[in-house]
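Take this structure, written in structure tokens, and hold onto it; I'll ask about it next.
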Amino acid sequence: MQSKPTLSAGPAIRRSVVALILLCVACGVAFAQDEAATPELVDRILVIVDEEAILMSEVEREVALYQLEARSAGIELDQEPAAIREDVITRLIESKLIIAAARQEEIEVSDEAIGRDVQANIDQLVRYYGSQAQLESELRRNGMTLDDYRRRSYSQLRDQHYMRAVVGRFIRPGIEVREDEVADWYAAHADEIPATPDSLSLADILVAVQPDEETQRELQGKLGAALQALGEGVSFADVAQVHSEGPGASRGGRLGTIRPGDLKSTVLEDVIFSLAEGETSQPVVTENGLHVVHVDAVLEGGREVRQIFFPLEITEADVARARDEARAAHARLLAGEAFALVAAETSVDPGSGSRGGELGRFALGDLSPRIQEALADVAAGEITEPFLTPAGFYIFKVLDRTYGRTLSLDEVREQVRQAVESEKLQAEMVTYVADLRTRFVVDRKD
């Protein structure tokens, strides 16, 4: 008996079969057991790149995680959702093209290295959100689990490893950066070259904006009663519930988890992060009022905090009284009185009061925006007009000022060389990906 001939599928037939399998399986057309039920489309293919599919669910997951990571980095997205989606699709196509080229050249990447990078990403997000539980809660808000994020992060980082391998083998060896290109880039980007900041030696006078004496006595009485209860061994939560006038009083003063940067008051935040678990602070005065804080637990990247709070209500009369006092001090300085004498008699700044107002030397950029503005054009030996800040009315004297300068080419040569190389790599990468589009099939279905 003559045996039947064996048919060998050619590349075109194999591609058709693969595409059909992808369409039937990966598309995710789910049917109910009832044969009369209407099919429900739960996913679909948007693009096929060299027989690999990009699914609608994959794009939506990438978009959601892109937005999540942008929020965690403090980046405000001004793109329309459709533009973000198109950018994601373009990136996925380019990644799959590069992976196809890498595999064609038998380039491999390390699963172990990718796994380490995935865990580093997760650890960074845990630090940002304060705990793994908080991260998982945020992921759920975006329709994902931690395992979803881990898989997506693995896929994205795998693509980055392939990208680096391809760049290292096919693109970087052909890149040359000449000295004249470095000099030309430096000259063309003169306004972008970093400069050393102005540095100033400063003295200050601080006139606090405070309530009148009757209000202060009342506030001291409330604080004294709370501190006495704590001294008698009453729990912080119970004292807060009875005495605190803050919004969390009914919850025993509980504020929840505080992470660096959460509070407007750096003074209060510094105190919180200086405390160990179970410790209670001394009274802290901020522009909002009087705080006594207690740390319930020290977490990775955060603190569980309670507070006893008494609001400090400042009236227009209080501000006017402090302004008049600051103007009187300023007038004495203009009349020739020594800054150190006026500071000793007037200033309430604990950081400089014992040194005749002298604060030390600062880079201008390290000061608050309001103080930078007041000192912008003040030369050595000059004093500022009194100006209002959350701490009160300040008067500054510039004892010495060193003006910043633009860094020379020699000082930033390596950074400029890297910038030139990066621009060349990006240009070559565009050309390389365009060539890949001619070598591999890209079939968009949307």
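Among SER250, ASN288, GLN307, which residue has its Cα positioned farthest towards the positive end of the charge dipole of the stretch 214-311, with +1 placed on the Cβ of Lys and Arg, -1 on the Cβ of Asp and Glu, and the dipole taken about the Cα centre?
So the residue we want is SER250.
Using Cα pairs closer than 8 Å and at least 6 residues apart in sequence, work out the relative contact order for the stretch 214-311, in percent.
Computed over the stretch 214-311, the figure is 28 percent.
Select one label from [x] 275; [y] 161; [z] 267: the one whose number is volume of the Cα convex hull per residue in Å³ as derived from the coordinates shown.
Label of the calculated value: [z].
Hey, what do the phi angles of the stretch 140-147 turn into as Karplus ³J(HN,Hα) couplings, whole Hz, using 6.51/-1.76/1.60 and θ = phi - 60°, x for Gly and Pro?
Coupling constants for the stretch 140-147: 4, 4, 9, x, 9, 10, 5, 5 Hz.
Now for a separate question. Using Cα-Cα distances under 8 Å and only pairs 6 or more residues apart, what relative contact order does the chain have, in percent?
For the chain, the relative contact order is 20 percent.
Inverting the mean 1/r over all pairs of different Cα atoms, compute the Kirkwood radius of the stretch 289-366 and quote it in Å.
The answer is 16.3 Å.
About the Cα centre, and with charges only on the beta carbon of Lys, Arg (+1) and Asp, Glu (-1), how big is the dipole of the stretch 214-311? Nearest 20 debye, please.
160 debye
From the helices alone, meaning DSSP H stretches of at least four residues, give me the mean residue ellipticity at 222 nm for the chain, per-run term -39500 (n - 2.57), in deg cm²/dmol to the nearest 500.
The helix contribution divided over the chain gives -16000 deg cm²/dmol.
At PHE273 and GLN228, where each label point lies 7 Å from the Cα along Cα→Cβ, what is the point-to-point distance in nanometres?
About 3.7 nm separates the two model spin labels.
Take the Cα atoms of the stretch 214-311, build their convex hull, and give its volume per residue in Å³.
Value for the stretch 214-311: 86 Å³ per residue.
Give the long-range amide H neighbours of VAL47: residues separated by 5 or more places, or on another chain, with amide H under 5 Å away, using H modelled in the peptide plane at 1.01 Å from N.
Those qualifying (amide H under 5 Å, at least 5 residues apart or on another chain) are ILE54, LYS445.
Please order LYS445, LYS424 by the number of other Cβ within 10 Å, starting at the fewest.
Starting with the residue having the fewest Cβ neighbours, the order is LYS445, LYS424.
Now for a different question. Fully extended, how many nm does the chain gain between ARG172 and THR196 (0.36 nm per residue separation, minus their Cα-Cα distance)?
Length gained, ARG172 through THR196: 5.4 nm.
In whole Hz, what ³J(HN,Hα) sequence does the stretch 385-393 give by Karplus (6.51, -1.76, 1.60; θ = phi - 60°), x for Gly and Pro?
5, x, 9, 8, 10, x, 7, x, 8
Let me ask something else. Any idea what the relative contact order of the stretch 244-386 is, in percent, if you count C-alpha pairs under 8 Å spaced at least 6 apart?
17 percent
Of all GluC sites (Glu not before Pro) in the stretch 325-390, which ones are in loop regions per DSSP and have a Cβ with at most 16 other Cβ atoms within 10 Å?
GLU337, GLU382
Would you mind working out the magnitude of the charge dipole of the stretch 343-390 relative to its Cα centre, with +1 at each Lys and Arg C-beta and -1 at each Asp and Glu C-beta, to the nearest 20 Debye?
160 debye
For the peptides 247-260, 225-238, what is the packing order when you average, over each peptide's residues, the other Cβ atoms within 10 Å and list the highest mean first?
Highest mean packing first, the order is 247-260, 225-238.
Would you work out which of GLY392, ALA376, PRO350 lies farthest towards the positive end of the dipole of the stretch 286-413, given +1 charges on the beta-carbon of Lys and Arg and -1 on that of Asp and Glu, about the Cα centre?
Among GLY392, ALA376, PRO350, the one farthest towards the positive end of the dipole of the stretch 286-413 is ALA376.
Order these by the 10 Å Cβ neighbour count, fewest first: ASP435, ASP43.
Placing the least packed residue first, the sequence is ASP435, ASP43.
What FRET efficiency comes out for GLU287 versus ASP366 if R0 is 25 angstrom and r is the Cβ-Cβ distance? Round to the nearest 0.05.
In this case the efficiency is close to 0.75.
So what J values fall out for the stretch 108-122 if you push phi through Karplus, 6.51 cos²θ - 1.76 cosθ + 1.60 with θ = phi - 60°, rounded to Hz, Gly and Pro as x?
10, 10, 7, 4, 5, 5, 5, x, 5, 5, 4, 5, 5, 4, 5
Read the figures in this text as sums done on the coordinates, not as results from a lab. In this text, all values refer to a predicted model and were calculated from it rather than measured experimentally. Virtual Cβ from ideal backbone geometry, glycine too; neighbours counted across all protein chains shown.
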